[in-house]
Amino acid sequence: MLNVEILKLRTHYQENRYLFIDGQTVRELLLKMGAVTTDLDLLRRMSEATLQKDPTLPFRKTRNGRYRVDFTKGTALRLEGQPFVLSEDEDFVRHDSGTLRRFDPIGEDLESNTAFKALMRLKAALVADMEVSYSSRSCGS
């Protein structure tokens, strides 16, 4: 049943190039993917308590994590954090385009949460083996 649900979501994403999943559906999927109810509730509280102020957008809080997903082994390896830049060449057109971004890493308390792990599995399942092409509006213009 879970594979059918994931396949429907993947198909929608591939056909429409966007995907919105309402909160109740995400909760149900995460529970099916190994999250426990107490960790879902903890994740909601933890996010507000442990996120840091975004250095570029004063109204947002964030943390960052980089992972290498091995779909054949079903694992995600935490990679070293690194700063990055979002540029106008990548269609990131805002007051802070080109700004070097550094975010605090995701903590062990979040990374070990069953709801977070299930969310990572859900995201990986939605994009596994999917071809992605990128084109910037500045290309060819």
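If you check LEU86 against the conditions, is it among the hydrophobic types (A, V, I, L, M, F, W, C), within 18 Å of the chain's Cα centre (by Cα) and modelled with pLDDT of 85 or more?
Here the answer is no, as LEU86 does not meet what is asked.
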Checklist entry - Of the numbered conditions (1) under 30 Å from ASN3 (Cα atoms); (2) in contact (Cβ under 8 Å) with a residue 12 or more places away in the chain; (3) loosely packed, with under 13 Cβ neighbours inside 10 Å, ASN16 satisfies every one except a single condition; which is it? => result (2)
Checklist entry - What single numbered condition from (1) touching a residue at least 12 places away in the same chain (Cβ under 8 Å); (2) closer than 20 Å to LEU122 by Cβ; (3) not charged (D, E, K, R) fails to hold for PHE103? => result (2)
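Within 23 Å of ALA125 (Cβ to Cβ), within 16 Å of the chain's Cα centre (by Cα) and either in contact (Cβ under 8 Å) with a residue 60 or more places away in the chain or assigned to a helix (DSSP H, G or I) (or both), is that true of LEU77?
Considered against the rule, which asks whether it is within 23 Å of ALA125 (Cβ to Cβ), within 16 Å of the chain's Cα centre (by Cα) and either in contact (Cβ under 8 Å) with a residue 60 or more places away in the chain or assigned to a helix (DSSP H, G or I) (or both), LEU77 comes out as no.
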Next on the checklist: What's the total number of residues in the stretch 51-74 that are in contact with a strand residue (DSSP E or B) (Cβ under 9 Å, 6 or more places away or on another chain) and either touching a residue at least 12 places away in the same chain (Cβ under 8 Å) or under 17 Å from SER112 (Cβ atoms) (or both)?
Outcome noted: 13
Checklist entry - Which condition number does THR11 fail, the rest of (1) in contact (Cβ under 8 Å) with a residue 12 or more places away in the chain; (2) among the β-branched types (Val, Ile, Thr); (3) part of a helix (DSSP H, G or I) being met? => result (1)
Checklist entry - For the stretch 85-126, how many residues are within 30 Å of HIS12 (Cβ to Cβ), loosely packed, with under 13 Cβ neighbours inside 10 Å and not basic (Lys, Arg)? => result 1
Item to check | Residues of the stretch 40-84 classified as of a type in the set (A, V, I, L, M), closer than 14 Å to PRO105 by Cβ and surrounded by 13 or more Cβ atoms within 10 Å (Cβ to Cβ), total | outcome: 1
Checklist entry - Hey, VAL69 hits all of (1) on the phi < 0 side of the Ramachandran plot; (2) more than 14 Å from the chain's Cα centre (by Cα) but one; which does it fall short on? => result (2)
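Looking for something within 19 Å of PRO105 (Cβ to Cβ) and touching a residue at least 40 places away in the same chain (Cβ under 8 Å) - is there at least one such residue anywhere in the stretch 28-37?
No, because not a single residue in the stretch 28-37 is within 19 Å of PRO105 (Cβ to Cβ) and touching a residue at least 40 places away in the same chain (Cβ under 8 Å).
The values are calculated or read from the model by the stated rules, or taken from the named source; none is laboratory data. Here the structure is a predicted model, which is why all the values come from computation and not from measurement. Cβ atoms come from the backbone with ideal geometry, glycine included; neighbour counts cover every protein chain shown.
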